[in-house]
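Reading through the structure tokens given below for one structure.
The values are calculated or read from the model by the stated rules, or taken from the named source; none is laboratory data. All values reported here derive from a predicted model rather than from experimental measurement. Ideal geometry is used to build each Cβ from the backbone, glycine not excepted, and the neighbour counts take in all protein chains shown.
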RNA sequence: GGUCACGUAGCUCAACUGGAUAGAGCACCUGGCUACGAACCAGGAGGUUUGGGGUUCGACUCCCUACGUGACCA
């Protein structure tokens, strides 16, 4: 269809030349899909032409419409409403479009002209607690964006930078030492990441008690926070870890190992994967050489106490600390290091960081510093910033226990899927295992769609009530449409009806024409989504396609259509829709069931 | 205090990057299964796009300003 649009623009450009003797390049023209309430498929906006042509918008539309219908056989008619020229496309052209679509494989990547080598870093969890709802948005976004970029022709590496070191791990470790009594995931039956999370919570609990007590003794709040015995122990432990203390490192290995087992299970369940893992324990010392480099180049400076800073006031930012007075690095230091490490490994022309919007400033600084250092990959850095997920009760607060656990949420969604499916009773013949697989497919379809349909950069609300709804603008609605067509295809095969777009066909039903146009828009939707790094674009597309199909389905008969050519056309259309839905859903990480 | 986002139907979200009468879903009301899957379809009601200015033939979109929400920087 992109071709058709191109051709129309070119034809319009010629028409302008012939009818008005003026030169307007095809790229200058604004062409858009026609709104539903008007006849036609494409619309040229003629307002911008009034100045160069010196004529009124209607007059221009009329003249161009007449020229096109006379000279361009694919345009069968037109109408002019104010400054809009609506073009009606001949059914023969739509049929041809459908034939072309059927020759291609929708699941194959296209070349959308975007970045070629991409690293998408996402998930990047802390190893002190299990994943929650906020992480799910991150994981689904990262996975989906990576898949979308692949479909747009890029070679993509999915990376996960695990935050496995630091004070937060030490907190869990310390609490485990003190209260754990040698408990393990095996002995307790608790999933590894949840077990560690339990001790993190335990630490926080006792830590708060100590603060309270100190404050009661008249110690100032900030001092109490710093001087509470548990906190001091945790700090000590961190130093021991950095010094390579065998016992501390041993415990750290053991506990992180448990967490990874837990994470692996969750990743498997939610269907995300990674090509490359980085561990902060291995990268946290990287980046110091960049500090040296910056000092030499004179873009960084040293303060009296020996700390190193960069001045970003010209960039509209502030001064930023890069290396502490004692020579230890801060977050940004290691980020400089990992950016380079990734570049050396993958030579990316785009490096995407899926990180919540609370780090907007940090990412701006990172990019600015890389610019200061004149790094060739500075412009390739892209922060895919996404908004927080709120609950009806407000923000998720671990302290208030309102955090929605990822594993638990998936279980609840599966229960809902099971119940809904059983009530409808349409899956007789499936084995128990197949049925469970289906519930999983539906549960994740609902969850992923719910989180991905919203523009990433916007803060969003997760309403549990709404998320378990399988009607309307939801994942299961789209999955249902696919399953419905799958059933239709099975029956068509049984009845010996082939999918075919016969040469004898000349006319299309209105809903058939709309469907072809919708189908033809798939590649453009993927390209748009890739450009905007937004799965929401694909989510909207598959929804619209499913909706258009369901309208078609209720308006015309497929298998019961008496005319053989039409029957085969409708089977072909249906098959094309199913394949396109499947391909689109796949980009969202959602599976398309054969029945449900 | 400074910087940056966001504000669209009762609620949750769209709006092709400046184009037509701002669209969907949920909830509410009405109609459609002896038609291939009703997890569906059709229709109704619901809007001063937070308020106020400006730019433009044209503004949800761009600029200014006020208010609200959120995040970050010390």
Next on the checklist: Taking the conditions exactly as written (surrounded by 12 or more Cβ atoms within 10 Å (Cβ to Cβ) and farther than 23 Å from residue A:331 by Cα), does residue A:250 satisfy them or not?
Outcome noted: no
Checklist entry - Across the range A:429-457, what is the total count of residues that are assigned to a helix (DSSP H, G or I) and more than 6 Å from RNA strand B (Cβ to nearest atom)? => result 20
Checklist entry - residue A:126 passes all but one of (1) touching a strand residue (DSSP E or B) at 6+ places or on another chain (Cβ under 7 Å); (2) more than 30 Å from residue A:541 (Cβ to Cβ); (3) modelled with pLDDT of 95 or more; which number fails? => result (3)
Checklist entry - Where residues in the range A:472-485 are more than 6 Å from RNA strand B (Cβ to nearest atom) and part of a helix (DSSP H, G or I), which of them is surrounded by the fewest Cβ atoms within 10 Å (Cβ to Cβ)? => result A:481
Next on the checklist: Condition check: under 22 Å from the mean Cα position of the chain (by Cα) and crowded, with 17+ Cβ neighbours inside 10 Å. Does residue A:384 satisfy that?
Outcome noted: yes
Checklist entry - residue A:265 is checked against (1) assigned to a loop (DSSP other than H, G, I, E, B); (2) at pLDDT 95 or above; (3) out of contact with any strand residue (DSSP E or B) (no Cβ under 9 Å at 6 or more places or on another chain) and fails just one. What number does that condition carry? => result (1)
Checklist entry - Across the range A:373-389, which residue is farthest from residue A:157 (Cα to Cα) among those that are part of a helix (DSSP H, G or I) and out of contact with any helix residue (DSSP H, G or I) (no Cβ under 7 Å at 6 or more places or on another chain)? => result A:379
Checklist entry - Quick check, is residue A:243 within 26 Å of residue A:328 (Cβ to Cβ), in the same structural domain as residue A:338 (by TED's automatic domain parsing) and modelled with pLDDT under 95? => result yes
Checklist entry - Of all the residues that make up the range A:555-573, how many are within 8 Å of RNA strand B (Cβ to nearest atom) and more than 21 Å from residue A:96 (Cβ to Cβ)? => result 6
Checklist entry - What tally of residues in the range A:554-590 results from selecting those that are within 27 Å of residue A:430 (Cβ to Cβ) and surrounded by 19 or more Cβ atoms within 10 Å (Cβ to Cβ)? => result 17
Checklist outcome for this item: Filtering the range A:40-81 down to residues that are surrounded by fewer than 18 Cβ atoms within 10 Å (Cβ to Cβ), farther than 29 Å from residue A:515 by Cβ and within 12 Å of RNA strand B (Cβ to nearest atom) yields A:47, A:48, A:50, A:51, A:52, A:56, A:58
Next on the checklist: Being outside the structural domain of residue A:356 (by TED's automatic domain parsing) and exposed (fewer than 13 other Cβ atoms within 10 Å of the Cβ): is that true of residue A:423 here?
Outcome noted: yes
Checklist outcome for this item: Scanning the range A:360-377 residue by residue, the ones that are away from RNA strand B (no atom under 16 Å from the Cβ), surrounded by fewer than 16 Cβ atoms within 10 Å (Cβ to Cβ) and without any contact (Cβ under 8 Å) to a residue 60 or more places away in the chain total 2
Next on the checklist: residue A:305 - would you say it is loosely packed, with under 14 Cβ neighbours inside 10 Å and in contact (Cβ under 8 Å) with a residue 12 or more places away in the chain?
Outcome noted: yes
Checklist entry - Quick one: is residue A:407 over 19 Å from residue A:533 (Cβ atoms) and part of a loop (DSSP other than H, G, I, E, B)? => result no
Checklist entry - When you go through A:276, A:345, A:254, A:296 one by one, which is the residue that is without any contact (Cβ under 8 Å) to a residue 60 or more places away in the chain and assigned by TED's automatic domain parsing to the domain that holds residue A:196? => result A:254
Checklist entry - Does residue A:400 fit the bill of being within 16 Å of RNA strand B (Cβ to nearest atom), touching a strand residue (DSSP E or B) at 6+ places or on another chain (Cβ under 7 Å) and farther than 21 Å from residue A:452 by Cβ? => result no
Checklist outcome for this item: Restricting the range A:458-471 to residues that are more than 6 Å from RNA strand B (Cβ to nearest atom) and under 17 Å from the mean Cα position of the chain (by Cα), the one surrounded by the most Cβ atoms within 10 Å (Cβ to Cβ) turns out to be A:462
Next on the checklist: I need the helices (runs of 4 or more DSSP H) fully contained in the range A:508-596, keeping only those with at least 1 residues that are under 20 Å from the mean Cα position of the chain (by Cα) and at pLDDT 95 or above.
Outcome noted: A:522-532, A:535-555, A:564-587
Next on the checklist: Among the residues in the range A:275-296, are any under 30 Å from residue A:137 (Cβ atoms), within 16 Å of RNA strand B (Cβ to nearest atom), in a loop (DSSP other than H, G, I, E, B) and at pLDDT below 90?
Outcome noted: no
